[in-house]
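Heads up, the thing below is written out as structure tokens.
The values are calculated or read from the model by the stated rules, or taken from the named source; none is laboratory data. Predicted model, so just to flag it, every value in this text is computed and none were measured. Counting neighbours? That spans all protein chains shown, and the Cβs are built from the backbone with ideal geometry, glycine included.
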Amino acid sequence: MARQYDTIDEHLADWIARQALFFVGSAPLAQEGHVNISPKGPIGSLRVLGPTTVAYLDIYGSGAETIAHLRGNGRIVVMLCAFSGPLRIVRLHGRGELLRPGDEGFDALLEEAAFEDPAIPEARRAIVRVDVTRIGDSCGYGVPLMQYEGERPHSTLSAQKRLRTQGREGYAEFVAKRNAASVDGLPAVDAP
């Protein structure tokens, strides 16, 4: 009983905001490249900005697959699953645009979206703005019921420790090295 929608209406936007996390999927153009799916959160780092626009605050992590894929082809899907309450999976397919700190429009979008920021400001890698071209939901029969216990503090604690022990320059060097390319060697995050 899959359905498609023309827009993200108020009801759907409210449902999105109540989920515990979201997933982002992307793929390179090359057939032999690796498809990537990343869990993202907290849910407050994702915002519905309009009837066909969402954005999320992307922080530095152990890889940069989504950024590399967006740079290569712009294709992205944001998926949310109901782990409690009525069954539902929602997929927001579209074209993603990266706004990096220092890019024109980054600060304005950061303010407009009022993201729940899961990390220190130095860990903000980008805002990914998605022009949603297809909105669909499906049953979610395969999604288990799960109980939400809270957010893990590890990302913020790790970034704070690295910043404290290595300073801003050392942190920037670590991030640049770790996020420079995807697992397929595609360019990802440019050095600051």
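Take the conditions under 26 Å from Ala181 (Cβ atoms) and of a type in the set (Phe, Trp, Tyr) and apply them to Phe83. Does it pass? Judged against the criteria, Phe83 is not a match. A single member of Arg124, Arg134 is surrounded by fewer than 18 Cβ atoms within 10 Å (Cβ to Cβ) and within 20 Å of the chain's Cα centre (by Cα), and it is Arg134. Within segment 62-82, the set of residues being over 22 Å from Asp9 (Cβ atoms) and either crowded, with 23+ Cβ neighbours inside 10 Å or not charged (D, E, K, R) (or both) comprises Ser62, Gly63, Ala64, Glu65, Thr66, Ile67, Ala68, His69, Leu70, Gly72, Asn73, Gly74.
When segment 21-53 is filtered for residues that are part of a strand (DSSP E or B), buried (at least 19 other Cβ atoms within 10 Å of the Cβ) and under 10 Å from the mean Cα position of the chain (by Cα), the ones remaining, listed by number, are Phe22, Val24, Lys40, Leu46. The residue that is farthest from Arg18 (Cα to Cα), among those in segment 54-74 that are modelled with pLDDT of 95 or more and in a loop (DSSP other than H, G, I, E, B), is Asn73.
On inspection, Glu104 fails the criterion of being at pLDDT 95 or above, more than 13 Å from the chain's Cα centre (by Cα) and in a helix (DSSP H, G or I). Out of the residues in segment 130-178 that are hydroxyl-bearing (Ser, Thr, Tyr) and free of Cβ contacts under 8 Å to residues at least 60 places away in the same chain, which is farthest from Gly61 (Cα to Cα)? Looking at the filtered set, the residue picked out is Tyr141. Going through (1) in contact (Cβ under 8 Å) with a residue 40 or more places away in the chain; (2) farther than 21 Å from Ala13 by Cα one by one, Phe106 falls short only on (1).
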